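Just so it is clear, none of the values below were taken in a lab; they were calculated from the coordinates. Note that the structure is a prediction, hence the values are computed from the model and not measured. Note: ideal-geometry Cβ built from the backbone for every residue, glycine included; neighbour counts use all protein chains shown.
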Amino acid sequence: MAQTLTAKVVEKCFGVITEFLDSKYGESSAYKIQAFAIEQACDVGDNFLGAILAVDFSVVVTETKETENFDLILKSQLLTNSSGESPEKYFWNMMFTKEKMVYTELVGKLEKLGRLTLAPKLYHFYSEGEDYACFLLDNLISHGYYIPDYKTLTLDECTVIMENLARLHSLSLVLEAEDGVPIPEKYGMATAELMFSPSMEHVMRPFVQNTYKGVLIACENLRPDLVHPLKRFDDEKTFWRRACEYAKPGKTSFSCLCHGDARLKNMFLRRPKYESPFPDGILKLAENPFRFIDFQLTRYASPISDLVYFIYVSTSRKFRNQFLDKLLEIYYREFTSVINYFPGLKHPPAVVNWSLEKLKGEFESFNGLAVIVSTVFVPTIFMQPSDMPISLADMPREEREKMLLSNRADVISNILPRNNDMREHVFDVIEEILASK
């Protein structure tokens, strides 16, 4: 979501940076900002719950006269034109608080266990209660990373992604075994489900059901053959109820820490070739050419939920037909390599005895989640600037809430016929999973 660079936004960002520098150097008189530049760092659709800005500045240290250069990302809550209390402000603040806990309490421990880096470095967290919160993070682009492109995604890129999803999941199980208690008991909110929780039902239920209705209207006009299987799917059990069930732990052999929003826009890769840190159980200190970002939707749930979300949001039907089995095999190989590297730990039998056949069977049992993420979330993920007359950040709060909730069906049914990539992706998954049954 693009944040307009107003004077208010720049002023707020500069205040965050000076607080970071004060904490780093001790006091404001210990340094002098010599240069400062700020620009938008993502496109519309790259992030829905915050603003992403690139900040580049240099500092002269008073005592040594040395210059230090900083090239960072500032990720913040949106500075909107709305005032007063609102459910969305509370929701955004909860997400930023959750992400801070993941960075400060979980990511470092997982990286230490695996001896590899999984996320950008967090330099500073700034908060003004529910009104505003932000992170200062490494700028991955300046370190040679890139976001894979949906239209040109390769098997090599997917291999790196599947391996790192396996590492995230398996290392969280290793951490759980070392701690001797389930992850949710120790890390609380960092692993809690927020989006499909009872506290968010008044917002998320209309969003989910009205998005489905918008897709259904588009199907009636463009693909009437998909109407009956889509309606039958919702009639048997509503999209909302299904989504809540898939988000819960205990739906497959075991649960673990899941990213929760495992799509290409939340993944950065580097191009150079590398060796897995876990080949044949022998740890190699290799630089991981991959980083996860955006930990606002992490949850303790089935690892299958991350796999289904990534594969059915980020790959085409043609790609799935060609490589789905291969991707699951890559994931399983890396998952078992990590688990086997820590043989002294006591894992539950369901983890130790998890087979590739069991993984594939559980993946197929989550086909309903594939329909949900493609019908409900792909329309938001694939939305383009031309699809909306004005950015969400610049909308009055009442108009924004109508667009996301009460008028959602009309919005989606009007956009789908115009947005070819969105329409093709949504219809392909409905046909692949539902119409073919």
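For this structure, a couple of remarks:
- Order of I372, I33 - criterion: other Cβ atoms within 10 Å of each residue's Cβ, fewest first: I33, I372
- A straight line joining the Cα centroids of the stretch 128-180 and the stretch 285-326 runs 10 Å.
- Global geometry of the stretch 142-250, whether rounded, prolate or oblate, following the gyration tensor of its Cα atoms and the 1.5 cut on a/c: oblate
- Phi-derived couplings, Karplus 6.51 cos²θ - 1.76 cosθ + 1.60 at θ = phi - 60°, listed residue by residue for the stretch 60-65: 9, 7, 4, 6, 9, 6 Hz, with x used for Gly and Pro.
- For the stretch 298-386, trypsin sites (Lys or Arg not before Pro) meeting the loop criterion (DSSP other than H, G, I, E, B) and having at most 10 other Cβ atoms within 10 Å: K346.
- Gaussian network model of the chain, Cα within-10 Å springs - most flexible of A37, A301, A51: A37
- Proximal lysines relative to K109, as straight alpha-carbon distance under 27 Å, when same-chain residues fewer than 8 apart are discounted: K24, K75, K98, K100, K121, K186, K248, K251, K265, K273, K284, K346
- Cα gyration tensor shape of the stretch 293-357, rounded if a/c is under 1.5, else prolate or oblate by comparing a/b with b/c: oblate
- For the stretch 90-106, 3J(HN,Hα) per residue [Karplus equation, 6.51 cos²θ - 1.76 cosθ + 1.60, θ = phi - 60°, Hz, x = Gly/Pro]: 5, 4, 4, 5, 4, 5, 5, 5, 4, 5, 4, 5, 4, 5, 7, 10, 10
- Assigned charges on the beta-carbon of Lys, Arg, Asp, Glu; the stretch 7-76 dipole about Cα centre (debye): 160 debye
- Dipole orientation for the chain: of the candidates L230, F14, M267, L230 has the Cα lying most toward the positive pole (charges on Cβ; Lys, Arg +1; Asp, Glu -1).
- Whether the stretch 314-437 is rounded, prolate or oblate, judged on the alpha carbon gyration tensor where a/c under 1.5 counts as rounded: prolate
- Residue among Y132, V160, G180 farthest towards the positive dipole end of the stretch 124-282, charges placed on Cβ: V160
- Gained length - N340 relative to D22, 0.36 nm times residue gap less alpha-carbon distance: 110.0 nm
- Per residue convex hull volume, Cα atoms of the stretch 103-147, in Å³: 102 Å³
- In terms of its Cα atoms, the stretch 7-76 spans 44, 20, 17 Å along the principal axes, sorted from long to short.
- Selected from F239, F268, F57 as most flexible by GNM, with the chain as the system and alpha-carbon contacts under 10 Å: F57
- Chain lengthening between L155 and K318 when straightened (0.36 nm per residue, less Cα-Cα): 57.4 nm
- Database remark: amide H of E128 closer than 5 angstrom to the amide H of A133 (H placed geometrically; neighbours at sequence offset of 5 or more, or on other chains; Pro and chain starts carry no H).
- Dipole check for the chain: with +1 at the C-beta of Lys and Arg, -1 at the C-beta of Asp and Glu, and the Cα centre as origin, the magnitude is about 840 Debye.
- Estimated 222 nm signal from helices in the chain, with DSSP H stretches of n ≥ 4 weighted -39500 (n - 2.57), rounded to 500: -14000 deg cm²/dmol
- Residue (of P348, F363, N419) at the positive-pole extreme of the stretch 329-421, dipole from beta-carbon charges: P348
- Residue of L106, L264, L324 that the Gaussian network model of the chain assigns the largest fluctuation, springs spanning Cα pairs under 10 Å: L324
- Recomputing log10 I(q)/I(0) by the Debye sum over Cα atoms at q = 0.09, 0.11, 0.13 Å⁻¹ from the coordinates shown identifies the correct label among [x] -0.87, -1.00, -1.21; [y] -0.59, -0.89, -1.25; [z] -0.76, -0.93, -1.09 as [y].
- Straight-distance crosslink candidates among aspartates and glutamates, where the alpha carbon sits under 12 Å from K231 and sequence neighbours closer than 8 are dropped: E220
- Projected label distance in nm at E39 and T117, using a 7 Å step from Cα toward the beta-carbon: 2.3 nm
- Inter-site label distance for T104 and V61 at 7 Å from Cα along Cβ, in nm: 2.5 nm
- Residues whose amide H lies under 5 Å from that of A301, counting only those 5 or more places away or on a different chain, are C256, C258; hydrogens are built 1.01 Å from N in the peptide plane.
- 3J(HN,Hα) along the stretch 209-222, derived from phi through the Karplus expression 6.51 cos²θ - 1.76 cosθ + 1.60 where θ = phi - 60°, amounts to 5, 6, 5, 4, 5, x, 5, 4, 4, 5, 5, 4, 8, 10 Hz, with x in place of Gly and Pro.
- Given the chain, longest segment not containing exposed loop GluC sites (Glu not before Pro) (DSSP; at most 13 other Cβ within 10 Å): 86-274
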